[in-house]
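Asker: Mind looking over this structure? Questions follow.
The values are calculated or read from the model by the stated rules, or taken from the named source; none is laboratory data. Predicted model, so just to flag it, every value in this text is computed and none were measured. Here Cβ is always computed from backbone atoms with ideal geometry, including for glycine, and neighbour counts include all displayed protein chains.
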Number of protein chains: 2
Amino acid sequence: MSKPSSRNEPMTIARLAQHLGLAEGTISRALNNYPDIAEKTRQRVQKAARELGYRPSSSARRLARGVIETIGFVLPTCRTQHSDPFLAEILNGLATELSLHDWDLLVTSVPDGHDEVDVIDRLVGSNKVDGFVIARTRREDARVNYLRQSGVPFVVQGRTDHPDDYSWLDIDNEQAFVEAVTYLRGLGHVKIGCLGGDPTMNFAWQRRSGYLRAMAEQNGHIGVGYLIDGITDELTAFRAAQRLLAITENDRPTALLCVTDAVAIGAMHALTRAGLRVGEDISIMGFDGLPIGRAVQPALTTLHQDSYEIGREAGRMVLDLCTNPPSAPKQTLWQAKLTPRASVNPPAQSPAQQNKGGF
Amino acid sequence: MSKPSSRNEPMTIARLAQHLGLAEGTISRALNNYPDIAEKTRQRVQKAARELGYRPSSSARRLARGVIETIGFVLPTCRTQHSDPFLAEILNGLATELSLHDWDLLVTSVPDGHDEVDVIDRLVGSNKVDGFVIARTRREDARVNYLRQSGVPFVVQGRTDHPDDYSWLDIDNEQAFVEAVTYLRGLGHVKIGCLGGDPTMNFAWQRRSGYLRAMAEQNGHIGVGYLIDGITDELTAFRAAQRLLAITENDRPTALLCVTDAVAIGAMHALTRAGLRVGEDISIMGFDGLPIGRAVQPALTTLHQDSYEIGREAGRMVLDLCTNPPSAPKQTLWQAKLTPRASVNPPAQSPAQQNKGGF
DNA sequence: TTGTATGCGTTATCAA
DNA sequence: TTGATAACGCATACAA
């Protein structure tokens, strides 16, 4: 297909030079569009290169120029919970952005028993990458700490608890949950529960903070057992929701804020099983905007984030860091988009529905 | 952290040689455990290398040895449908296996408007990878066709319609759906429907074939509208299932085989919405073994596959191909594991339950 | 405008 | 057992 890059005798600059009767240096400069090459020669060289299927050896080029044009990405090490629905999207966006600039993406995992930081350190030390992208950030994150003192350009998707002196981009998780509470309060909900995620994960902690802050500011009621942490998937969500439903009907939340869509769906099933109607007896709200949210019954109100675009922006940022090293840390906060659907409605017999005018 | 790999003055073999008063070649051979180095020298060199934080430059090593020790992986180009739940798992397994052998994984996407084959061709041509892994195979797959004639070692996760002369590993999709039908027939179901996937995708086509073959062999009944193709996610599944439910109750399937768990869950919601009970009025069966299948209500009967292990095996295979190039194509077929749960039961008022003895 | 020479950091081939 | 020396393929400073 395409060019005759015959694998037995790979075309090199030396061969091209010989073929054209020019010096190797000339070929190299012609191909790289140096200004000191005659237009006619450039044409001739580039034409020959094309026809003979010349492809520069990236190893040689990297060695000569000292730039790898490769970004490293460490797969989040979470074999316990199943696949992160974002990972593929982020990876796709990141790879796309890099590929548009002819950079590569080197993906590694952390085998059981190996240390995350060592994996990064090896990649950096053996000159395999120029920069790094980190995802699924924890509040206290060894990877970030290592990279911070290593001098390697890197971008973090998410933030740690001390996010001042490095580049990151993140969804404004706290603000998103503030908006969620505001929305629910506006509909008349007072008793609002929350299924929070792993509190060592930054995104989960921030959503939880947003919930607590907004509930305090807006006089929501957080009863005993309303906030359950450590919910990471459908199954734990299912069980946690069952615990919530064990609260007597009068004291039970009328709305439930869930740290992710997956958690929301697990909760929905718990309600269904208990004979309750989602969106009528109890409203449920998720976070992510997964497509499944539109197929469940009722459709899931959620806070939508575009992880493909997040991946692309991470790519842009890390490329910028690698090509203009002395730039100041760039920090970008994106807003999640509240997407109302049928799983959230005003509370069943809420007095707030009737006389809500007087605050 | 770890070694003092000071980024300003990277440690090289030349520096080590100078430091130890040895020749560069000696250092190199000592570090690579050549047999012609005195044990004492080897120790001394390796100790110094460790202490001074020496890391071989992979670019230089690759250039000198002509081996890249890197495998390429092209992300499936499907921005329309959301993330493949397997991708992250497969990637994880693949990266893990490679990393255990000190190989790297280069991941690229196919930006909009670019050609999939070109992307692969560039990676191969510019010497960035030694081999390739392909996933989400189509029945007629340009990537496979290209790689087949390129001479580059590659492994396909899945198969094309003509899978004879290359290495692949795959779930036995056809057999899995034969087992599914057998299981349903054994419970007494006769009218069995099927929500099939994209028929240009190999896995979907083979599952569909298994369904058709088993239904024919086991005297199942495929009524008009029982088989719906092109169902790829929860939302299309939801709508397709609604079409199925439009069939009059007597002619309607009593069981529904779904090409994936996601599709099954979409179908479940359609039933719920229509006021039908999953597993009682209509049984539903999926394929994948996603964790959500245990959290939905009722829990989803499914055919389970372990995509992490699939990724690891793909890694083993491609490493084998790259290091022992003249080996014959290796082809591995794995069986999916039928996992009975509550979403499948004998049909409601099936006469087959009573007198099933006579075939 | 082009040619020459040198370097990038390793590995590999010879001598010694 | 070790030390020179030459690749590997490309980029670049300098000379012509």
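Asker: Return the total of residues in region B:27-58 being over 40 Å from the mean Cα position of the chain (by Cα) and in a loop (DSSP other than H, G, I, E, B).
Answerer: So the count comes out to 5.
For every residue, the table says whether it meets (1) in contact with a strand residue (DSSP E or B) (Cβ under 9 Å, 6 or more places away or on another chain); (2) within 30 Å of A:P346 (Cβ to Cβ); (3) among the aromatic types (F, W, Y).
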{"site": "A:A95", "(1), (2), (3)": "yes, no, no"}
{"site": "A:G113", "(1), (2), (3)": "no, no, no"}
{"site": "A:D121", "(1), (2), (3)": "no, no, no"}
{"site": "A:V124", "(1), (2), (3)": "yes, no, no"}
{"site": "A:D141", "(1), (2), (3)": "yes, no, no"}
{"site": "A:P163", "(1), (2), (3)": "yes, no, no"}
{"site": "A:V178", "(1), (2), (3)": "no, yes, no"}
{"site": "A:L184", "(1), (2), (3)": "yes, yes, no"}
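Asker: When you look at B:T41, is it more than 10 Å from DNA strand C (Cβ to nearest atom), polar (S, T, N, Q) and closer than 30 Å to B:L321 by Cα, yes or no? Walk me through it before giving the result.
Answerer: On the way: more than 10 Å from DNA strand C (Cβ to nearest atom): yes; polar (S, T, N, Q): yes; closer than 30 Å to B:L321 by Cα: no.
Judged against the criteria, B:T41 is not a match.
Asker: Quick check on region B:11-26: of everything there that is part of a helix (DSSP H, G or I) and more than 8 Å from DNA strand D (Cβ to nearest atom), which residue is nearest to B:R65 (Cα to Cα)?
Answerer: Keep residues of region B:11-26 that are part of a helix (DSSP H, G or I), which gives B:13-20, B:24-26.
Restricting the remaining residues to those that are more than 8 Å from DNA strand D (Cβ to nearest atom) gives B:13-16, B:18-20.
Numbers: B:I13: 16, B:A14: 18, B:R15: 21, B:L16: 20, B:Q18: 23, B:H19: 25, B:L20: 25 Å.
Among those that are part of a helix (DSSP H, G or I) and more than 8 Å from DNA strand D (Cβ to nearest atom), it is B:I13.
Asker: How do the pairs read when you match residues in region B:110-126 that are within 7 Å of chain A (Cβ to nearest Cβ) with residues anywhere that are surrounded by fewer than 17 Cβ atoms within 10 Å (Cβ to Cβ) and assigned to a helix (DSSP H, G or I), using Cβ under 9 Å and keeping only pairs 6 or more apart or on different chains?
Answerer: Filtered contacts from region B:110-126: B:P111/A:L100; B:V117/B:A142; B:V117/B:N145.
Residue-wise test of (1) surrounded by 18 or more Cβ atoms within 10 Å (Cβ to Cβ); (2) in contact with a Gly (Cβ under 8 Å, 6 or more places away or on another chain); (3) over 23 Å from A:V296 (Cα atoms).
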site: B:I192; (1), (2), (3): yes, yes, yes
site: B:P199; (1), (2), (3): no, yes, yes
site: B:T248; (1), (2), (3): no, no, yes
site: B:C258; (1), (2), (3): yes, yes, no
site: B:V278; (1), (2), (3): yes, no, no
site: B:D281; (1), (2), (3): no, no, no
site: B:G293; (1), (2), (3): yes, yes, no
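Asker: Okay, next question. Within region A:220-252, how many residues turn out to be under 10 Å from A:L195 (Cα atoms) and aromatic (F, W, Y)?
Answerer: Matching residues across region A:220-252 total 1.
Asker: Which numbered condition trips up B:V181, out of (1) of a type in the set (V, I, T); (2) closer than 30 Å to A:L300 by Cα; (3) away from chain A (no Cβ under 14 Å); (4) surrounded by 24 or more Cβ atoms within 10 Å (Cβ to Cβ)?
Answerer: (2)
Asker: Quick check: anything in region B:201-216 assigned by TED's automatic domain parsing to the domain that holds B:A274, not in a helix (DSSP H, G or I) and not hydrophobic (A, V, I, L, M, F, W, C)?
Answerer: Within region B:201-216, not a single residue is assigned by TED's automatic domain parsing to the domain that holds B:A274, not in a helix (DSSP H, G or I) and not hydrophobic (A, V, I, L, M, F, W, C).
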